[in-house]
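Asks: One structure follows; several queries about it will come next.
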Amino acid sequence: MVEPKKKTVENGELVLPGDYLGVIEEFLPGEGIIEENGELYAARAGRVKIDLEKIEISVEPVTDVPPLPQVGDIVIARVLEVKSQAAIVELLKIEGRKGYREIATSKLAGIHVSQVKDGYVESMNSEFKIGDIVRAKVLTNEKSPIQLTTREPNLGVIYALCSSCKVPLVRRSNVLVCPKCGRRESRKLSTYYRKLKLE
């Protein structure tokens with residue numbers, strides 16, 4: 001079996017929990033490291049410290065790391081891909097009491113078909129399209145990708161473009177209409193559709 005090539009980390013590099021750091025044959029696990037099946041992963045956010053004398057790798061915590069999404073956080077994300085069972089999104093920002101906060105790194109997340117809305121979802125393509133901006137809640141963050149939900153009324157698509165002419169769509173009741181070509185499209189809409197300023 002051919003193993004996919006994994007990126008090697010460098011001394012002083014900023015890493016996040018779950019980031020791959022190497023194998024047990026290269027380094028002994030130090031502080032802030034977890035070992036799984038001979039592979040070493042960061043157990044916390046921080047900077048990589050490689051001690052060549054001890055042949056040890058560790059992660060030193062730092063205080064200037066941007067936040068990571070926590071379970072229950074509301075996040076803003078952009079849809080990258082829509083599959084039959086899930087939408088793959090890129091996390092952009094975390095909502096907070098003082099507006100929006102940047103995320104520690106561009107992270108991928110998923111919205112499973114069972115977490116789109118209450119009720120049956122016939123097609124993921126009628127709920128999300130590539131490029132849509134979505135407001136979602138973090139369900140789990142232990143594994144990658146982070147799992148999100150848009151089941152609540154205030155969660156879902158908050159900004160969308162017409163699939164044919166790329167003009168921002170306008171909400172008419174529960175349907176989106178293109179003001180340019182008249183095309184009608186459906187989405188899992190948030191009650192905040194085009195009401196949030198994301199700057």
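Asks: Have a look at Ser144, Ser186, Ser163, Ser114 and point out the one that is surrounded by fewer than 20 Cβ atoms within 10 Å (Cβ to Cβ) and under 11 Å from the mean Cα position of the chain (by Cα).
Replies: That would be Ser144, the only listed residue that is surrounded by fewer than 20 Cβ atoms within 10 Å (Cβ to Cβ) and under 11 Å from the mean Cα position of the chain (by Cα).
Asks: Take the residues in region 147-160 that are open to solvent by 40 Å² or more (accessible area, probe 1.4 Å) and over 16 Å from the mean Cα position of the chain (by Cα); name whichever of them is nearest to Cys178 (Cα to Cα).
Replies: Filtering first and then ranking leaves Tyr159.
Asks: Right, something else. Please report, ordered by residue number, the strands (runs of 3 or more DSSP E) entirely within region 139-199 with at least 1 residues that are touching a residue at least 24 places away in the same chain (Cβ under 8 Å) and touching a Ser or Thr at 6+ places or on another chain (Cβ under 7 Å).
Replies: It comes to 146-149, 156-159.
Asks: Give me the pairs, please: first residue somewhere in region 101-130 and within 14 Å of Glu81 (Cβ to Cβ), second residue anywhere and at pLDDT 85 or above and among the aromatic types (Phe, Trp, Tyr), beta-carbon distance under 8 Å, and either six or more positions apart or on two chains.
Replies: Ile111/Phe128
Asks: Working only within region 117-141, note down all residues that are of a type outside the set (A, V, I, L, M, F, W, C) and more than 15 Å from the chain's Cα centre (by Cα).
Replies: Hits for region 117-141 are Lys117, Asp118, Gly119, Tyr120, Glu122, Ser123, Asn125, Ser126, Glu127, Lys129.
Asks: Just checking, how many residues over region 61-80 are farther than 18 Å from Ser190 by Cβ and at pLDDT 90 or above?
Replies: Adding up the residues that qualify gives 2.
Asks: Next question. Name every residue in region 22-58 that is open to solvent by less than 80 Å² (accessible area, probe 1.4 Å), more than 24 Å from the chain's Cα centre (by Cα) and among the hydrophobic types (A, V, I, L, M, F, W, C), in order of residue number.
Replies: Once the filter is applied, which keeps residues that are open to solvent by less than 80 Å² (accessible area, probe 1.4 Å), more than 24 Å from the chain's Cα centre (by Cα) and among the hydrophobic types (A, V, I, L, M, F, W, C), region 22-58 yields Val23, Ile24, Phe27, Ile50, Ile57.
The values are calculated or read from the model by the stated rules, or taken from the named source; none is laboratory data. None of the values given here were measured: they were computed from a predicted structure. Here the Cβ is made from the backbone with ideal geometry for all residues, glycine too, and neighbour counts use every protein chain on show. The protein model used for the area step is the full one, side chains on, heavy atoms only, and it has no ligands, DNA or RNA in it. Shrake-Rupley method; radii C 1.70, N 1.55, O 1.52, S 1.80 Å.
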